[in-house]
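Note sheet for the following structure.
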Amino acid sequence: MSFTAPIQLPGLTRDPLWYRRSVFYEVLVSAYVDSNGDGSGDLQGLASKLDYLQWLGIDALWIPPFFQSPLRDGGYDVSDYRAILPDFGTIDEFKDLVRKAHERNMRVIIDLPLNHTSDQHDWFQQSRSDPEGPYGDFYVWSDTDEKWPDIRIIFTDTEESNWAFDPVRRQFYFHRFFSHQPDLNFNHPAVHEAVFDIVRFWLDLGVDGFRLDAIPYLYESDEGNGEGEPPTHEFLKELRAMVDREYPGRIMIAEANQWPKEVAAFFGTDEEPECHMAFDFPVMPRIFYSLRSQQADELVRVLSEVTDIPSWAGWGVFLRNHDELTLEMVSEEYRQAMYGWYAYDPRMRANVGIRRRLAPLLDNSRAELELAHALLFSLAGSPFLYYGDEIGMGDNIWLDDRDSSRTPMQWTPDRNAGFSSADPGKLTLPVVQSLVYNYSVVNVESQLAQSRSLLHWVRNVIHVRKAHPAFGLGSLRVLQTDHESVLAFVRSYEGSGTHFGDQPEDVLCVFSFGHNPISVRIEAPELANTRLQDLFGGGAFPSVDEDGVLTLTLATQSFYWLHIGRHEQY
Ligand code: BGC
């Protein structure tokens with residue numbers, strides 16, 4: 001298997017499970033740094049901030065699509081997979097970015113939307129005009145738009161059907177997302193070949209892996225609902241086998257907005273592996289629910305469910321990303337409650353979700369921002385940060401669709417927030433100028449200058465997390481408590497026994513969602529008579545008593561990460 005094979009990339013550690021220990025950072029090229037003053041962020045600009053990202057503790061970048069595209073869906077509408085949008089840079093500049101990242105032991109994951117292309121892609125243009133030609137079968141064509149009525153519509157705000165009529169070919173084509181994004185026909189072997197070649201092209205340029213966008217939707221069938229159909233898994237097995245054979249050590253991350261039990265299928269098995277990682281979608285909205293309801297029960301429930309996954313597989317956890325905060329994984333009752341708390345203005349909603357950034361969602365409450373990050377960094381899985389959330393950037397709900405939270409990174413209080421030297425009117429998206437989140441107040445420079453800023457706090461937590469392999473590699477076991485606002489779990493790691501020198505360790509994580517201070521009794525029989533120590537400052541805490549009971553007090557919306565002296569009996 002590839003994860004045991006040596007990784008050959010220069011400058012990178014040879015840890016085969018690097019993705020399980022990593023802190024990821026999603027960064028939009030368009031919104032990070034504009035190096036040439038044309039109003040758009042670019043690859044050179046991103047490369048110029050690698051020192052900042054290294055300082056923050058980032059191990060891997062996730063870069064959403066930067067390919068040639070009409071940009072009608074933030075680049076997820078690709079018109080040429082082998083070309084970089086000229087506004088963003090060149091292939092040589094991309095190679096330079098990868099080289100500089102690797103020098104800093106930082107990996108680069110790129111996004112690959114394979115389910116569909118832009119309707120501007122040459123394949124589609126040929127497919128519609130020449131049905132008998134080499135690209136005639138590259139898309140899913142039909143004489144009727146009545147097929148597969150059970151396949152749900154994802155972009156409910158804009159689409160009424162998953163079919164659109166093409167006046168050139170005079171047939172309907174299938175599209176899971178926007179109607180300008182026709183789905184590729186994975187039943188056609190030439191599509192597989194084309195996709196494999198694209199994957200090889202980028203792996204040859206040195207990328208460390210892919211986020212496989214919208215991966216459940218590759219195949220449709222008359223029987224299923226078009227999500228995770230058996231041939232989709234067959235395809236992923238073939239893709240993984242090729243990657244393992246030709247590029248050992250590179251990874252595949254599944255974007256599958258489903259329940260963990262269904263998502264687990266995207267890992268495959270030891271014998272027939274598919275993806276190395278997959279995002280955990282259900283846990284995220286429950287963090288937001290708990291913060292307002294003061295109830296931890298839904299988090300306790302989903303975290304107590306054990307999903308069997310291969311030992312090398314890892315989850316990706318996140319608070320926000322470039323999409324809306326999706327509420328597809330919560331009940332209607334919870335959804336309505338969350339709309340009420342977090343999207344009281346209809347402008348804040350998009351599809352089945354909320355198009356706001358983290359800090360405005362949490363009303364800029366420092367206690368809530370810290371609590372949410374403490375969860376993000378201690379849950380089972382690798383954390384994925386969204387650019388700008390480390391400084392508590394705001395959003396702009398007057399912009400269309402998900403652009404509300406894709407505005408330029410706020411570096412300084414200077415013109416265009418230090419993002420660009422262009423005429424402010426020329427920026428692809430305007431910088432945030434709202435009362436609370438104005439770039440003159442919220443920016444990296446000013447937070448660097450304040451030792452108690454959110455930025456310094458986030459960096460510190462990242463470094464504490466990275467010093468304790470239990471967070472990336474350990475198991476998670478939820479403990480019983482007598483308080484409805486408290487979530488408590490133990491992260492346990494047996495040590496790797498490898499040259500990384502990891503020691504066995506156990507960490508107790510306790511979170512209170514209460515809006516007032518509370519006292520809680522935690523049941524942990526197997527921890528009876530163990531000493532506890534704060535992971536941040538080393539301070540001694542009350543021990544777990546001989547009956548395995550621990551009584552703690554927690555301040556309003558606060559948390560503890562406590563080292564458990566399991567191996568040091570007294
Ligand atoms: C991406 C979205 C995109 C959609 C269609 C998703 O899953 O995250 O941003 O709009 O795929 O490509």
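For the range 257-309, the alpha-carbon coordinates run over 43, 17, 13 Å along the three principal axes, in decreasing order.
Most exposed first by the Cβ proxy, i.e. fewest other Cβ within 10 Å, how do R477, R465, R452 rank?
Ascending number of Cβ neighbours within 10 Å: R452, R477, R465.
When the convex hull of the C-alpha atoms of the range 232-334 is computed, what volume per residue in Å³ does it have? Can you show the working numbers first?
Values: hull volume 11.6 nm³, N = 103.
Enclosed volume per residue, from the Cα hull, is 112 Å³.
Global dimensions of the range 326-402 from alpha-carbon coordinates: Rg and Dmax equal 13.1, 36 Å. Here the chain is described by how far its Cα atoms reach on the three principal axes: 78, 55, 51 Å, from widest to narrowest. Dividing the convex hull volume of the alpha-carbon atoms in the range 363-451 by its residue count gives 120 Å³ per residue.
Could you give the longest part of the chain that holds none of the GluC sites (Glu not before Pro) found in DSSP loops with at most 16 neighbouring Cβ atoms within 10 Å? Display every interim value, and only then the final one.
On the way: sites that count: E132, E146, E160, E223, E271, E305, E328, E484, E494, E546, E568.
By the stated rule (loop sites, at most 16 other Cβ atoms within 10 Å), 329-483.
Among residues other than Q258 with Cβ under 11 Å from its Cβ, the summed charge is -4 (Lys and Arg +1, Asp and Glu -1).
The relative contact order of the range 442-560 comes to 20 percent, based on Cα pairs under 8 Å that sit 6 or more residues apart. Residues whose amide H comes within less than 5 Å of that of L85, counting only those at least five positions distant or on another chain, are F67, Q68 (H built at 1.01 Å from N in the peptide plane).
Listed here are the pairs K49/K426; K147/K237; K49/K95; which of them are more than 20 Å apart at the Cα?
Values: K49/K426 22 Å; K147/K237 28 Å; K49/K95 16 Å.
Those over the limit are K49/K426; K147/K237.
Taking only the Cα atoms of the range 137-180, the ratio Rg/Rh comes out at 0.94, with Rh defined as the Kirkwood radius.
Close amide H pairs (under 5 Å, H built 1.01 Å from N) link L385 with F24, Y25, E26, residues at least 5 positions away or on another chain. For the range 296-307, backbone phi angles converted through the Karplus equation (6.51, -1.76, 1.60; θ = phi - 60°) give residue-by-residue couplings of 9, 4, 5, 5, 4, 5, 5, 7, 7, 6, 8, 10 Hz, Gly and Pro being listed as x.
Could you tell me the relative contact order of the chain? Use alpha-carbon pairs under 8 Å, at least six residues apart, and round to a whole percent.
Reported as a whole number, the value is 12 percent.
Semi-axes of the range 299-449's equivalent ellipsoid from the Cα gyration tensor, sqrt of 5 times each eigenvalue, largest first, rounded to whole Å?
Details: eigenvalues 177, 73, 40 Å².
So the three semi-axes of the range 299-449 are 30, 19, 14 Å.
For the range 45-175, the equivalent ellipsoid derived from the Cα gyration tensor has semi-axes of 37, 17, 11 Å, listed largest first. Only helical runs count toward this figure. For the chain, summing -39,500 (n - 2.57) over DSSP H runs of n ≥ 4 and dividing by all residues gives -7000 deg cm²/dmol at 222 nm. Within 10 Å of each candidate Cβ there may be at most 13 other Cβ atoms; applying that plus a DSSP loop requirement, which trypsin sites (Lys or Arg not before Pro) in the range 131-207 survive? Those satisfying the criteria are R152, R170.
Evaluated over the Cα positions of the range 185-285, the convex hull gives a direction-averaged projected area, one quarter of its surface, of 7.0 nm². The calculated pair-distance distribution of the range 470-570 uses every alpha carbon pair, bins of 10 angstrom beginning at 0, and gives 16, 48, 29, 7, 1 percent.
In what sequence do W202, W62, W259 fall when counting other Cβ within 10 Å, fewest first? Show your work: numbers first, answer last.
On the way: W202 21, W62 25, W259 15.
With the fewest neighbours first, W202, W62, W259 line up as W259, W202, W62.
The stretch between S311 and M242 holds 22.7 nm of extra length on full extension. This uses 0.36 nm per residue minus the Cα-Cα distance. What the phi angles of the range 505-513 give under the Karplus curve with 6.51, -1.76 and 1.60, with θ = phi - 60°, is a coupling list of 7, 10, 10, 9, 10, 10, 10, 10, 8 Hz, glycine and proline written as x. From least to most packed, judged by other beta carbons within 10 angstrom and beginning with the fewest, M329, M409 follow the order M329, M409.
Three principal axis extents describe the C-alpha atoms of the range 122-268; from largest down they are 45, 36, 26 Å.
We did not get these values from a lab; they are worked out from the coordinates using the rules stated. Since this is a predicted model, take the numbers as computed values, not measurements. Here Cβ is always computed from backbone atoms with ideal geometry, including for glycine, and neighbour counts include all displayed protein chains.
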